[in-house]
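S.K.: Pasting a structure here, questions to come.
Bear in mind these aren't lab numbers, they're just calculated from the coordinates by the rules spelled out. What you are looking at is a predicted structure, and each value in this text was computed from that prediction instead of being measured. Reconstructed Cβ throughout: ideal geometry from the backbone, glycine too, with neighbour counts over all protein chains shown.
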Amino acid sequence: MKNFGNVLWGIFFIIIGLIFGGNALGITDIDIFFDGWWTLAIIVPCFIRLFKDKEKTGSIIGLIIGVILYLFPFIINLSTHEGQLAFKNEIDNLGVWGIIVLFMLQLLQIVLVVLPGEPLEILAGMCYGPIGGTIFIIVSVFITTTLIYLLVGKFGKKYLYNTFSKEKIQKIENSKLFKNPKKAEVLMCILFFTPGTPKDLLTYIGFLFPIPPIKFILIATFLRFPSIISSTIAGSGLSNGRISIVIVSYVITFVATAIFVFLISKKEKDTTEAIKILK
């Protein structure tokens, strides 16, 4: 694997050399100093070290940081209504490939954790309508949640300690709330159903809970439905200029969720404490 890492370095420098040579001879006109070019100084070494080092946690974290820094301006733009409309037009022009682009963004959003998922859900609603957008997000979340669960389970707690606060992870591990299988399952249902809870963090630490893998993945996927459907309806309304639909969808979702959480919290009094531990 170390030799393969050296080969990757060789290929990288050959490509850079060819670009410089092609530009100098007038054969190509490639601007290597594109917006965010400096992030390659983080991304490329970390990517190559994945193939050279036995301990890959640091390289994975570095790679994630590099990608976040590169995509940050794009993410900020995507969080605005104007940026979403412009991106919708790009997705529409791509046809079937647009679905793949959206899926990769969904995967990236869950992998990078710190990125909000709502702009992508709104964007899916703008592109494919409330039904198509919801189906797309649900399928994407199921696939990405399964991948995250399996990968983090393989790398183990050390990866979690380096990605999140070690103190927070240990606090969750030591909490009696999550050690009882039935109680943990009920709490997961409530937390994934409730908007505003750290769902991506829960996805990463899912293997720590005494819940069968397939059951956890199904909970993590389908209990997000209220927040997903409200966002895709809002996205569809925004694309059609019907702001009233946006407001009504969020109000109905908020009220329904608040009633549900209130009723469940009276019966399951550990919910509030669980949210405090996770935040």
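S.K.: Roughly how many whole Å is it from the C-alpha centroid of the range 92-109 to that of the range 203-221?
M.R.: Each part reduced to its Cα centre gives a spacing of 26 Å.
S.K.: Same structure again: Which peptide among 238-244, 40-46, 154-160 comes first, and what is the full order, when sorted by highest mean count of other Cβ atoms within 10 Å? Intermediate values should be presented prior to the final figure.
M.R.: Details: 238-244: 12.7, 40-46: 16.1, 154-160: 14.4.
The densest-packed peptide leads the list: 40-46, 154-160, 238-244.
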